[in-house]
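Undergrad: To start, I am sharing the structure in question, which I have written as structure tokens.
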Amino acid sequence: MKNIKLQSLLLLLSVYFTACQSDYLDTVPTSTVSTATTFETTDNAKMAINGIARLMVMQQMATQTHCGEGTIKFLHGEYMGENFTRPALASGWYTVMNGTFHENTTSIYAYYPWYYYYMLIGNANTVIANIDNAQGAETEIQFIKAQALTYRAYCYMMLVQFYCYRWIDSNGGTSMTKFMDGLVLRTEENMDVMDIPLSSSGEIYAQIYKDLDEAIGLYEASELEREDVWEPNINVAYATYARAAITRQDYSKAAEMAPKARQGFALMPNADYVSGFSEPNDEWIWGSYGGEDQTLFFYGFHSYMAYDAGTSIIRTYPVCISKTLYDRIPETDVRKGMFLDPGTTAYTTVGGIAASTDLAKSVYATYPTMTSAHTIAAYMSFKFSIGGSIGVGYINHFRSSEMILIEAEARYFNNDITGAQNLLNQLTRDSKRDEAYTCTATGTDLLNEIKFYRAVELWGEGFDWLDKKRYNDPITRLAFGDGGSFGSSAAVNREVGYGNKWTNVTPLIERENNKALE
């Protein structure tokens, strides 16, 4: 296994969001190794690529909850959604869960995705600008450049979902104001060139497509293969393309790219599905390293999401699926068994805490990595478990399941109803997740079935809120007393126009340092 610590050559070409710091976009390595030395050889440049992989699972901004891609998944993708809940969570978190910060230019929650993804983009830009001059085989240069282009495309694909209106509201990707509904398109190595106006979502998607087309061509030309799951390869480029295309409502492109992305990545068997999502398996197209030697301890994704993590937030505030989604999952579906059915056991209407000691004893016996300090709650999740001590665990970014769902959705909108039905059957019946399932739905019912199985299959992996936004669907949360499982402070509804159409405004620190936005 390749070591991804890379302390001496790790390029932290970071976007520093500190008020009053005019050079917050400087691309200056924090180590003593110069950029020229880093790209002197392809061997060194490989370390720079691994450095970007490491940045995706590092604590940033000196705050516990901001730990790279894991934060994007649970804090931005799940907390604000409809199907994920921590019903007993302290009231201070409701500003996040209820999505009240979209129009706040200084909120850390509103600008963290900006900070994080531009940091990765800065690193990728440096690789792209310098790799052609490295000493080494041409095939290695091609592969490394393709990886950097894939990183950049992935980052812009994520950013456009947070800082631009949903495609249906974008007037074909052209809508934009001076301070929001757009991104600063930075593709040059020199991040000192700060005075750049916002580009529209259409322009951003055009750059994403351009980067991925070039990356795919370079991967093919190099004929090289990656060594580890945390490295981008041609499948990751196809997967990024597919997700970008479905978000842009480019259904032909999504239908083309999704099957290419999952080629060679068979659906995992049920034994793997219920094993904790902390170790890669045959279905994982791309993920982040999560071994004991690189643990974030209390700061990582699994520290906040794994049912058996030894963190206070997990022990006190269990992660739960919403009762409304849980109740819709067929009894024959293996995925339903990954959540706790309280049965006839009474539970509190404040935090869903199960009152039965017998139920708790049963849970502890079934899941021996838990301790008596772990609170037992109705509908709590057992999907994620730690892969070692505290918060250890790999993090998945793309699975072949997602690609099947993307293709099914694309085929539906391309009026290939049989094709969409067959893909849902492949995902659910043929995989044995639910052998009793057969898709016969048509029309709007078929689209709703695709949405439902996205919610079930990808639950907890960072899609809930993002899917609701792109579908232009409102969020409806029900309190315990109304047949749901949300605490009263989180039992809110969010119409599609709420909070700047669920779109973060350009952070104040960008406006203060970018004269084109004055």
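Undergrad: Picking from Gly68, Gly122, Gly136, which residue would you name as being in contact (Cβ under 8 Å) with a residue 12 or more places away in the chain, of a type outside the set (A, V, I, L, M) and touching a strand residue (DSSP E or B) at 6+ places or on another chain (Cβ under 6 Å)? Steps first, please.
TA: Numbers: Gly68 fails: touching a strand residue (DSSP E or B) at 6+ places or on another chain (Cβ under 6 Å); Gly122 fails: touching a strand residue (DSSP E or B) at 6+ places or on another chain (Cβ under 6 Å).
The match here is Gly136.
Undergrad: So Arg335 ticks every box in (1) more than 20 Å from Thr369 (Cβ to Cβ); (2) in contact with a strand residue (DSSP E or B) (Cβ under 9 Å, 6 or more places away or on another chain); (3) open to solvent by less than 30 Å² (accessible area, probe 1.4 Å); (4) part of a helix (DSSP H, G or I) but one. Which box is left unticked?
TA: (2)
Undergrad: Could you list, ordered by first residue, the pairs with Cβ atoms under 7 Å in which the first is in region 430-450 and more than 29 Å from Ala271 (Cβ to Cβ) and the second is aromatic (Phe, Trp, Tyr), at least 6 apart or interchain?
TA: Listed by first residue and then by second, the contacts come to Leu446/Tyr412; Leu447/Tyr412.
Undergrad: Restrict the check to region 430-441 and report whether at least one residue is open to solvent by less than 40 Å² (accessible area, probe 1.4 Å), touching a His at 6+ places or on another chain (Cβ under 7 Å) and not aromatic (Phe, Trp, Tyr).
TA: Looking through region 430-441, none of the residues is open to solvent by less than 40 Å² (accessible area, probe 1.4 Å), touching a His at 6+ places or on another chain (Cβ under 7 Å) and not aromatic (Phe, Trp, Tyr).
Undergrad: Can you tell me which residue is farthest from Leu423 (Cα to Cα) among those in region 246-297 that are of a type in the set (Lys, Arg) and part of a loop (DSSP other than H, G, I, E, B)?
TA: Ranking the candidates gives Arg248 first.
Undergrad: Sticking with this one: Are any residues in region 279-317 of a type in the set (S, T, N, Q) and open to solvent by less than 10 Å² (accessible area, probe 1.4 Å), and if so, which ones?
TA: From region 279-317, those of a type in the set (S, T, N, Q) are 281, 288, 294-295, 303, 311-312, 316; that's our starting set.
Those that are of a type in the set (S, T, N, Q) and open to solvent by less than 10 Å² (accessible area, probe 1.4 Å): Ser288, Ser303, Thr311.
Undergrad: Step by step: first the residues of region 226-244, then only those that are among the charged types (D, E, K, R) and not in a helix (DSSP H, G or I), then the one that is surrounded by the fewest Cβ atoms within 10 Å (Cβ to Cβ). Which residue is that?
TA: Of everything passing the filter in region 226-244, Glu227 is surrounded by the fewest Cβ atoms within 10 Å (Cβ to Cβ).
Undergrad: Quick one: in region 174-218, of everything that is among the basic types (Lys, Arg) and out of contact with any strand residue (DSSP E or B) (no Cβ under 9 Å at 6 or more places or on another chain), which residue is nearest to Glu510 (Cα to Cα)? Let's see the steps before the verdict.
TA: Of region 174-218, the ones among the basic types (Lys, Arg) are 178, 186, 210.
Remaining after also requiring out of contact with any strand residue (DSSP E or B) (no Cβ under 9 Å at 6 or more places or on another chain): 186, 210.
On the way: Arg186: 13, Lys210: 25 Å.
Filtering first and then ranking leaves Arg186.
Undergrad: With the requirement that a residue be open to solvent by less than 40 Å² (accessible area, probe 1.4 Å), over 19 Å from Glu409 (Cβ atoms) and either part of a helix (DSSP H, G or I) or among the charged types (D, E, K, R) (or both), what does region 450-493 give you?
TA: Arg477, Phe480
Undergrad: Among the residues of region 170-225 satisfying the criterion of being farther than 30 Å from Gly136 by Cβ and in a helix (DSSP H, G or I), which is most open to solvent (accessible area, probe 1.4 Å)?
TA: For region 170-225, the residue satisfying everything is Glu203.
Undergrad: State the number of residues belonging to region 501-518 that are outside any loop (DSSP other than H, G, I, E, B) and either modelled with pLDDT of 95 or more or open to solvent by 40 Å² or more (accessible area, probe 1.4 Å) (or both).
TA: Qualifying residue count, region 501-518: 6.
Undergrad: So, of the residues in region 84-98 that are surrounded by 22 or more Cβ atoms within 10 Å (Cβ to Cβ) and in contact with a Lys or Arg (Cβ under 9 Å, 6 or more places away or on another chain), which turns out to be nearest to Lys323 (Cα to Cα)?
TA: Per the criteria, the residue is Thr85.
The values are calculated or read from the model by the stated rules, or taken from the named source; none is laboratory data. Quick caveat, the model's predicted, so the values are computed rather than measured. Please note: Cβ atoms are built from the backbone with ideal geometry, for glycine as well, and neighbour counts cover all protein chains shown. What goes into the accessible areas is simple: the full protein's heavy atoms, side chains included, and nothing from ligands, DNA or RNA. Shrake-Rupley method; radii C 1.70, N 1.55, O 1.52, S 1.80 Å.
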